Amino acid sequence: MIPEGNIEILIDEKTIASRVDEVADQINRHYGTSEVLLVCILKGAFIFAADLIRRITSPCTIDFMIVSSYGDEIETSGEIRIVKDLQKSIFRKKILIVEDIVDTGLTLDHLIKYLDSRGPDEIRICTLLNKKDARRVEVPVDFCAFEVGNDFVIGYGLDYSQYFRNLPYVGKMVSSGDSSDQTA
Ligand code: IMP
């Protein structure tokens, strides 16, 4: 069932686009002419990764992983499962994990340990959104587009019960009568 409620825009399309430019610049400066493998964490990071990779000037390839940490609820299940793994070896490669949001940090903590055991040269983290105050375990975030509060956010790839990934902005659900004029 489609979750009901109004949506308040937190980060609009234009702001996202210019910030993605800036983050890509930082990434390009970091890698220079070295090759990097972007590891896009599905499903939430697919839009961010698609926009980001088109601004990367360093030689790069991309692969995808599906890591399941949530059911259809907004609370973490605490269980992390690798549903789809990488296709090729990452031995001696530079890896850039591209995430939609770092919340408790449990997913990334698990993923970093999992990938690190395969002998990459370097693992860096790039996230669209960072919920610093929600951390249960510390993870090194190297590139971050936006810090956000503890609200459950949707849009630009992020879902609530699999819906709202198509929104071009990042927003939050608000109960009727509680929304500002920036609603959709
Ligand atoms: P963590 O393990 O708690 O850091 O959660 C990471 C994953 O939970 C993210 O990659 C998202 O898929 C999901 N998630 C966490 N917070 C939100 C949110 O506010 N909106 C949508 N998905 C979220």
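The values are calculated or read from the model by the stated rules, or taken from the named source; none is laboratory data. All values derive from a computational prediction rather than experimental measurement. Virtual Cβ from ideal backbone geometry, glycine too; neighbours counted across all protein chains shown. Each accessible area value is taken on the protein alone, full model and side chains, heavy atoms only, with ligands, DNA and RNA left out. Shrake-Rupley method; radii C 1.70, N 1.55, O 1.52, S 1.80 Å.
Among the candidates Arg124, Arg118, the residue that is modelled with pLDDT of 95 or more, part of a loop (DSSP other than H, G, I, E, B) and not hydroxyl-bearing (Ser, Thr, Tyr) is uniquely Arg118. With respect to being touching a residue at least 60 places away in the same chain (Cβ under 8 Å), of a type in the set (A, V, I, L, M) and away from the ligand (no atom under 13 Å from the Cβ), Leu37 falls outside the description.
Inclusion of Arg136 among residues that are within 11 Å of the ligand (Cβ to nearest atom) and either modelled with pLDDT under 95 or closer than 26 Å to Pro3 by Cβ (or both) is warranted.
Check segment 79-97 and report whether any residue there is under 23 Å from Asp21 (Cα atoms) and within 13 Å of the ligand (Cβ to nearest atom).
Yes: one or more hits.
Scanning segment 136-158 for residues that are under 17 Å from Glu8 (Cβ atoms), open to solvent by less than 70 Å² (accessible area, probe 1.4 Å) and not aliphatic (A, V, I, L, M) turns up Phe146, Gly149, Asp151, Phe152, Gly155, Tyr156.
For segment 60-81, taking the residues that are open to solvent by less than 50 Å² (accessible area, probe 1.4 Å), at pLDDT 70 or above and not small (Gly, Ala, Ser), the one that is farthest from Ser34 (Cα to Cα) is identified as Ile80. In segment 41-59, the residue that is farthest from the ligand (Cβ to nearest atom) out of those that are closer than 14 Å to Asp25 by Cα and open to solvent by less than 50 Å² (accessible area, probe 1.4 Å) is Ser58. Applying a threshold of 7 Å to beta carbon distances and a minimum spacing of six or more residues, or different chains, the list of pairs starting in segment 94-107 at a residue that is outside any helix (DSSP H, G or I) and open to solvent by 20 Å² or more (accessible area, probe 1.4 Å) and ending at one that is within 6 Å of the ligand (Cβ to nearest atom) and of a type in the set (Gly, Ala, Ser) reads Asp100/Gly44; Ile101/Gly44.
Among the residues of segment 137-159, those identified as among the charged types (D, E, K, R) and not in a strand (DSSP E or B) are Glu138, Asp142, Asp151, Asp159.
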